[in-house]
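We did not get these values from a lab; they are worked out from the coordinates using the rules stated. Not measured: the values here are computed from a predicted model. We place every Cβ from the backbone using ideal geometry, glycine too, and count neighbours over all the protein chains shown.
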Amino acid sequence: MAATPSSITDSRQPASAKMDTGVPRFVWARHSVNGAGGMGMPVSIKRIYEGASEDDGIRILVDRVWPRGVSREEAKLDHWMKEVAPSADLRKWFGHDQDRFGEFRERYLDELAGGIQKSGLERLKKIVAENRGNATLLYGAKDETHNQAVVLMEVLEDS
């Protein structure tokens, strides 16, 4: 069964600190990715604006565009995998509109099945496996449940 934002174990807890905007921070808790044939690895997803943690493991940015206001030093990335991110056209079409997420997901899965994204996804799977799943996929979107990292988690689960 494929994971959807509602079927992924979501044990987020508000962080005690607040971001500069005064909005409470939420981080997806590390959870095991288990599915039929899944890797069973504790891969996490979180906003890059949350900053690095020792629990992150390998930090992989999965956005095509560098997130505003984050320096490369602050990001503490191990990998920036632009090639696994949605195409510019798909990203612009989606525009982080929750009502379009279902169709975005399907279009993005199509992109991941071919071309640059396919080879990027294979590289991502290899990196995650080499690190025994101790990895965090980072994204810049404000919406924590309607973004490409959620879709990538689903794909990793089904691998």
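It is to be established whether one or more residues within the range 128-149 are acidic (D, E) and more than 15 Å from the chain's Cα centre (by Cα). Break it down into steps so the answer makes sense when it comes.
First, pick out the residues of the range 128-149 that are acidic (D, E): 130, 143-144.
In the following step, the residues that additionally are more than 15 Å from the chain's Cα centre (by Cα) were identified as 130.
The answer is yes, given that some residue of the range 128-149 is acidic (D, E) and more than 15 Å from the chain's Cα centre (by Cα).
So, in the range 92-115, how many residues would count as being under 22 Å from S159 (Cβ atoms), surrounded by 14 or more Cβ atoms within 10 Å (Cβ to Cβ) and not hydroxyl-bearing (S, T, Y)?
Start the filter on the range 92-115 by keeping residues that are under 22 Å from S159 (Cβ atoms), which leaves 101-102, 104-115.
After this cut, where a residue has to be surrounded by 14 or more Cβ atoms within 10 Å (Cβ to Cβ) as well, the list is 101, 104-105, 107-109, 111-112.
Imposing the further condition that a residue be not hydroxyl-bearing (S, T, Y) reduces the set to 101, 104-105, 107, 109, 111-112.
Residues flagged as under 22 Å from S159 (Cβ atoms), surrounded by 14 or more Cβ atoms within 10 Å (Cβ to Cβ) and not hydroxyl-bearing (S, T, Y) within the range 92-115 amount to 7.
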Test: residue in the range 106-120 that is within 15 Å of the chain's Cα centre (by Cα) and hydrophobic (A, V, I, L, M, F, W, C): yes
